Amino acid sequence: VLFAVTLPVLLLLVAFAINLAWIELSRTQAFIVADAATRAAGRTYSLTGDLNQAKSMANEAAARNLIAGSKVTIADSEFLLGTSTRSSSTARYTFAPGGSNPNALKVTISRLSSGKNGSVPFIMPGFLGKNSYEVTRSAVSTRVEVDIAFVVDRSGSMAYAADEKAVYPPLPKAAPKNWFFGQPAPTPSRWRDLATAANTFIDEMDKSVLSEYVSLVTYGDSASTEKSMTSNYSDIRNG
């Protein structure tokens, strides 16, 4: 009689323990999917500025990580552009939807009974009258602009070509008649190579959706700031 009375209670406790463990596992998996999808979307959006590409990459990442054994599809409505700010360099970022210059992307992963992914079925269905439960997790990817300083050598050695020894005398092989140090660098020269490389780098920055500031510092026998931090890259090219 005692066994008959306690058996249903024991079964209820077992069902509760199994379903609770299943819920926690699914929640952890949802965190993993949200982080992976948001990382993929944030990186793509930072590089391209194309939200559609970001959504595609997020869904690819989500498909490689399962929740309760099933793939998750992220709906367009679950992508949200916004602005992440923080009060100090040690504070956490706070996300707010919208903004005139969004720098963050929030991605939500959901398995809802009303959504295309459906809710998560219990391993032990029917417990407390329920056969499934819902899970939702979100993550935010924030673009962080990194300011850059070009620190370049303007000493006389830069007037020599890359394949010749930068020691005077003699003058650089490409130096025109009556040329001397302090005049525009001849072609070819290390300085011309440096200018080409710097312009190529700045061209790539122009294509970026980020808004980094750039400064120009040169040094020879002393150092000087030619251009302070600016978002006008033409000033750096002409510096």
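For segment 126-239, report the convex hull volume of the alpha-carbon atoms normalised per residue, in Å³, without decimals.
186
Applying a 10 Å radius around every beta-carbon, put 41-48, 230-237 in order of their mean neighbour count, most first.
Ranked by mean Cβ neighbours within 10 Å, highest first: 41-48, 230-237.
Given (1) 20.8, 68; (2) 30.0, 115; (3) 18.4, 54 as candidate values of Rg and Dmax of the Cα atoms in Å, which corresponds to the one derived from the coordinates?
Answer by label: (2).
Select from Val167, Val135, Val152 the residue whose mean-square fluctuation is largest in a Gaussian network model of the chain (Cα-Cα springs shorter than 10 Å).
Greatest mean-square fluctuation among the candidates belongs to Val167.
Taking the mean number of other Cβ atoms within 10 Å as a proxy for protection, how do you rank 58-65, 181-188 from highest to lowest?
My ranking of the peptides, most packed first, is 58-65, 181-188.
Considering the chain as a Gaussian network with a 10 Å cut-off on Cα pairs, which listed residue, Leu171, Leu105, Leu80, attains the greatest mean-square fluctuation?
Leu171
Counting Lys and Arg as +1 and Asp and Glu as -1, what is the net charge of the other residues whose Cβ lies under 15 Å from the Cβ of Ile109?
Local charge sum for Ile109: +4.
Dipole magnitude of the chain about its Cα centre, charges +1 at Lys/Arg Cβ and -1 at Asp/Glu Cβ only, in debye to the nearest 20?
Here the chain has a charge dipole of around 500 debye.
For the chain, build the charge dipole from Cβ charges (+1 Lys, Arg; -1 Asp, Glu) around the Cα centre, then report which of Asn232, Ser56, Val9 sits farthest towards its positive end.
Looking along the dipole axis, the top candidate is Val9.
Which angle from 0 to 90°, rounded to the nearest 10, does the C-alpha axis of helix 190-207 make with the longest principal axis of the chain?
That helix lies at roughly 30 degrees to the long axis.
Only helical DSSP H runs with n ≥ 4 go in: add -39500 (n - 2.57) per run for the chain, normalise by residue count and round the 222 nm mean residue ellipticity to 500 deg cm²/dmol.
So the calculated ellipticity at 222 nm is -12000 deg cm²/dmol.
Read-outs: derived from the displayed coordinates by stated rules, not from any lab. Here the structure is a predicted model, which is why all the values come from computation and not from measurement. Reconstructed Cβ throughout: ideal geometry from the backbone, glycine too, with neighbour counts over all protein chains shown.
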